[in-house]
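Worksheet: one structure, shown below.
The values are calculated or read from the model by the stated rules, or taken from the named source; none is laboratory data. Note that the structure is a prediction, hence the values are computed from the model and not measured. No Cβ is skipped: glycine too gets one built from the backbone with ideal geometry, and neighbour counts run over all protein chains shown.
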Amino acid sequence: MSITEYRQIAPFLDYLQFEKRYSRHTSIAYQTDLEQFFQFLKVQYDEIPPTEQISAMFVKSWLADIKRNQAGISAKSLNRKISTLKSFFKYQLKTGLIEKSPMGSIVSPKMSKRLPVYVEEKEMHTLFDYVAFPDTWQGRTERLVMKLFYQTGMRLSELINLKEAQLDLSGKQVKVLGKGNKERIIPVELALLVDLKQYVNDKPERLPGIEQLFVSTNGKPLQARSVYSFVKKNLALVTTVQKKSPHILRHSFATHLMNNGADLNAVKELLGHSSLAATQIYTHNTIEKLKEVFNKAHPKA
């Protein structure tokens, strides 16, 4: 990143990190998009213009260049780049560097709606009622992790960073630190909390400074790759859905709640979504479920 690019981007990245409290992964994605945009301007126009001189024409030229040179780029990827620029120029408006954002006339490409993939309720019951997890620390960890994913809808990052102190046995709940360091409380079945407390008491090795709830046999916190691997392995025993990941368990949690009549706003809070729009995708699965019931049961279907 050149000095000019650095001066343009660095304050915005600091804003994302320290004020918006975005994750490192998200900040890196924003930085990559912005560096690509400014590099395009530098190559195309010999120099990077001051932020206040960047117009919609510059943005449209960059997007056209991406479409031309990256055949098959998805609408989702393009939308993310547009979203990055919108956030960047919104920040410049906030700081008073510009008086008008060049993004006003930029139209985001339409994305086809994909219904969230989820595991059927009967398949989840099969997993916990009939699959024999090994009688080892690893087997015990896998079973409890799978149960907690399904009962809370936690994200992978939230679960592996969950601390022992976040369990609340008397309140039958767990405190979760989500995106943007926003805390939310999720009710949990008492029997699972009791099992988790016993798990804490039975830890094979306690390393100093390790507060995470789930640890491997050597006492170290679970790694995301390891969790992804055993979730995939265990789901493969009960379901044929193509993608088998911790996020599928999150989808299953939300879909099963909606299918059983849960309030949409309640599901939003449980998932830690910032807007209701993100939660509404699960209503489509509910509608599809109703259609399935109608087609099977109605004589005129």
(message) So LYS147 passes all but one of these: (1) at pLDDT 95 or above; (2) under 15 Å from GLN212 (Cβ atoms). Which condition number does it fail?
(response) (2)
(message) Take the conditions β-branched (Val, Ile, Thr) and modelled with pLDDT under 90 and apply them to ILE48. Does it pass?
(response) yes
(message) Can you pull out every residue in region 4-57 that is in contact with a Phe, Trp or Tyr (Cβ under 9 Å, 6 or more places away or on another chain) and among the hydroxyl-bearing types (Ser, Thr, Tyr)?
(response) THR4, TYR15, TYR22, TYR30, TYR45, THR51
(request) Restricting attention to region 110-157, report how many residues are farther than 26 Å from ARG184 by Cα and buried (at least 19 other Cβ atoms within 10 Å of the Cβ). (result) 1
(request) Kindly indicate the residue of region 248-274 that is of a type in the set (Ser, Thr, Tyr) and within 19 Å of LEU148 (Cα to Cα) and also surrounded by the fewest Cβ atoms within 10 Å (Cβ to Cβ) among those meeting that condition. (result) SER252
(request) Mind listing just one residue for me: the one in region 216-228 that is within 27 Å of the chain's Cα centre (by Cα) and touching a residue at least 24 places away in the same chain (Cβ under 8 Å) and, of those, farthest from ASP168 (Cα to Cα)? (result) TYR228
(request) Return the pairs, sorted by first residue and then second, in which the second residue is hydrophobic (A, V, I, L, M, F, W, C) and part of a loop (DSSP other than H, G, I, E, B), the first residue lies in region 98-117 and is in contact (Cβ under 8 Å) with a residue 40 or more places away in the chain, the beta carbons are less than 6 Å apart, and the residues are 6+ apart or on different chains. (result) PRO102/ILE54; VAL117/VAL241
(message) Testing PRO204 on (1) surrounded by 14 or more Cβ atoms within 10 Å (Cβ to Cβ); (2) in contact with a Phe, Trp or Tyr (Cβ under 7 Å, 6 or more places away or on another chain); (3) in contact (Cβ under 8 Å) with a residue 40 or more places away in the chain, one condition comes back false. Which one is that?
(response) (1)
(request) Of the conditions (1) surrounded by 11 or more Cβ atoms within 10 Å (Cβ to Cβ); (2) free of Cβ contacts under 8 Å to residues at least 24 places away in the same chain; (3) of a type in the set (Lys, Arg), ARG80 clears all except one; give me its number. (result) (2)
(request) Could you give me the residue pairs with C-beta distances under 6 Å whose first residue belongs to region 236-249 and is more than 14 Å from LEU115 (Cβ to Cβ), whose second residue is of a type in the set (Val, Ile, Thr) and outside any loop (DSSP other than H, G, I, E, B) wherever it lies, and which are 6+ apart or on separate chains? (result) VAL238/THR126; PRO246/VAL231
